[in-house]
Amino acid sequence: MAMAVAQHRVSCSGSSINKHLDAAGKYVRYTAEQVEALERVYAECPKPSSLHRQQLIRECPILSNIEPKQIKVWFQNRRCREKQRKESSRLQSVNKKLSAMNKLLMEENDRLQKQVSQLVCENGYMKQQLHTASATDASCDSVITTPKHSLRDANNPAGLLSIAEETLAEFLSKATGTAVDWVQMPGMKPGPDSGGIFAISQSCSGVAARACGLVSLEPTKIAEILKDRPSWFRECRNLEIFTMFPAGNGGTIELVYTQMFAPTTLAPARDFWTLRYTTTLENGSLVVCERSLSGSGAGPSAVAVAQFVRAEMLPSGYLIRPCEGGGSIIHIVDHLNLEAWSAPEVLRPLYESSKVIAQKMTILAMRYVKQIAMEKSGEVVYSMGRQPAVLRTFSQRLSRGFNEAINGFNDDGWSIMNCDGTEDVVTAINSSKSLSSSSNPTNALSFVGGILCAKASMLLQDVLPAVLVRFLREHRSEWADFNVDAYTAASFKAGTFAYPGMRPTRFTGSQVIMPLGHTIEHEEILEVVRLEGQSFVQEDAFVSRDIHLLQICSGIDENAVGSCSELVFATIDDMFPDDAPLVPSGFRIIPLESKPCDTQDSLTTNRTLDLTSSLEVGPATNQASGDVPTCQNTRSVLTIAFQFPFDDSLQDNVATMARQYVRSVISSVQRLAMAVSPSGLSPAVGPKLTPGSPEALRLAHWICQSYSYHIGTELLRSESLGGDSILKNLWEHQDAILCCSMKSLPVFIFANQAGLDMLETSLVSLQDITLDKIFDESGRKALYSDFAKVMQQGFAYFPGGICMSIMGRHISYEQAVAWKVLEADESSFHCLAFCFVNWSFV
């Protein structure tokens, strides 16, 4: 054995690949012609079969003196060398990344040490002031005061350059210095495998966030991407450059007007008038920094500006440093004053939280640049053969269309319709909205009279946004009216505006979700949803009545701090053309940071509050800390917007339908919010059998005990049957184990991880799947024929066969076992369990 190992090591060495044994047993070096011939074959087939090798020797005379076994050894050694080369390249890449990350962490450590020294000095000064009983109060807040620069200072290039240099100095002091008291972003720890280093301001004017990270793109490319803010920041409505002229060091100065969407229907949008300075430092770093200028500027019209609140950007920007061996280190700083006074008091945390700015702007910028870098390197592969840029455009169009519906700007053609006596749902109409993509305006639906939008906002209490959005995505039948979806689909597909309910279609209530792509950290998912329908009319039975939706889902990770959760969708043709018209609808849930609140303002648990009729905007009220009791509430703002195309003759009918539909959706969402609330469950939804719940632990014991009782063997190893470990081992069991209720139509109530993987679903969606859905016609017949046997003797074995996941993929299994699950007393029948052995996708 030792000799064999030694021989293998010799054969895998770099020098032996060019030698072979001759007939006398001596090593002979391959000639250059022989190596060239072998390399040509290797390029086409790195692992040829024995027949292929023999054919090679016959067809290539220069290899005729080499034994087939030696040819096999050459290919083995060649594959080994290729593997070593790739691994060496990978390790070198990882080493460069770790070196750059280590440099970044060392710089961050130096900055923190400077910050500590500065705080120690400030602390000593404050103690000295207290001892001397100074008449002036010393503030402990480290406030960054930024003078506003009037446009009068910008009348000449010298004045603008002076402002630009001040902006550069203040930005660099925030990006790499101690001008802001940065603290680590909660829940995001730095490290070699993290997306970067993320921090938020602890005490400064306005709200501020910072990100540092390594990206495998050149600095100029990164600057180009980040300067195009509308391409990556979904809340950026418009960015216009009104003045641009060169500055020193090959830099440029620009006067920029930027408009931002409002995230809800309850607060006005923001705009900025800024100076942006792009320059290169002496060390080769590229800087793009920006700050607000006072005054309205000469660019935006008074009509457009009237719908916005002018916000302030304090010195912010991007520092991009090239790395040795390629790539760049980026420092991103966003420092804003969003004028929180202009928002309703309950919404002010959205404008006063640095966490919110970090999540929706700073971290997003870093992730977007990384996404582009991975797409360029080929590390990201998407479904259905779509190019990343095309899918990214679809996501941006869905998000932008939803934001436009929520905001309803006059210059986009929106106007408010007269309400029907109540103010809970706002209805707006747009007769000039284009339904074409920007790439192909000739594809516009000219027959459409316009778009009608019904929208509303409400406050949710004690609900995790990620959980509710996940539930809305996976349980569409709980809140949606498929006839309304059918109306929208018919309007686009045929240009017929039949009123909802007139189409002879029956919907099964089931949906098939087909993933298209996702961002690098799965914070946003793009997918196609098929709603299955069939005709009532017999002669149309073979005509597909399915509806297809293009959908983005984001913020469904419960561990993400302060992130917004969204579900936005639009009807799309089943051919899925790149220039398909999109009219998005959906939900947005934004968490509000918990804070002390009045007893009279505190809400009863599980209750929702409609905000559209009772909120007032005014100055913030200051309350003494001892005047009111503190009550920590998990609150969030839900905004709903649904858009409907209409013909002029049906405008009033569609408006009535839209208001009624949105009210029904609001009612459903309120019910679902109570169902998913941690403090209570709706009886209709039933208990949550999560892997750690007491119900799941109890069911795991019953499953294993019943299996042993009926079949006479243990389902799990004997050492796995004690305490909580039984649930853990059942959850991690290699075979798919599923349980279904014994009703007239059996519904799945629990599955282990393998079972969820097999059905391609989640524990939440599992309870929407009936037993018959996973079998084809022959499988259902086999199940029904042996069902009586299961009920009579308590178990039955099924031969290998085929079943289906909810995504429609076929699954083969070697054997299946079904048994009755009895409760602890072994007399009460609880459910039916299945175990699919050695399953795999076909």
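Each part gets one Cα centre, and for the range 302-342 versus the range 755-818 those centres are 54 Å apart.
A Cβ-based charge dipole, computed about the Cα centre of the range 216-301 with Lys and Arg at +1 and Asp and Glu at -1, lands at about 220 debye. Accessible surface area normalised per residue over the range 167-295 is 33 Å², counting heavy atoms of protein chains with a 1.4 Å rolling probe. Ordered from highest to lowest accessible area with the whole protein assembly present and a 1.4 Å probe, Arg270, Arg85, Arg321 read as Arg85, Arg321, Arg270. Note on His522: accessible area approximately 100 square angstrom, rounded to 10, probe 1.4 Å, nucleic acids and ligands left out. Rolling a 1.4 Å probe across all protein chains gives Met244 an accessible area of roughly 120 Å². When nucleic acids and ligands are ignored and a 1.4 Å probe is applied, Lys103 ends up with an accessible area of around 110 Å². Specify which residue in the list Ile66, Asn77, Thr31 is farthest towards the positive end of the charge dipole of the range 25-81, using unit charges on the beta carbon of Lys, Arg (+1) and Asp, Glu (-1), about the Cα centre. Positive-most Cα among the choices belongs to Asn77. When the pairs Lys47/Lys86; Lys781/Lys820; Lys355/Lys455; Lys103/Lys227 are compared against a 22 Å limit on Cα-Cα distance, Lys355/Lys455; Lys103/Lys227 fall above it.
The values are calculated or read from the model by the stated rules, or taken from the named source; none is laboratory data. Quick caveat: nothing in here was measured; it's all calculated off a predicted structure. In this analysis, Cβ positions are derived from the backbone assuming ideal geometry, glycine residues included, and neighbour counts consider all displayed protein chains. Just the protein is used for accessible areas: all its heavy atoms, side chains included, with ligands, DNA and RNA removed. Shrake-Rupley method; radii C 1.70, N 1.55, O 1.52, S 1.80 Å.
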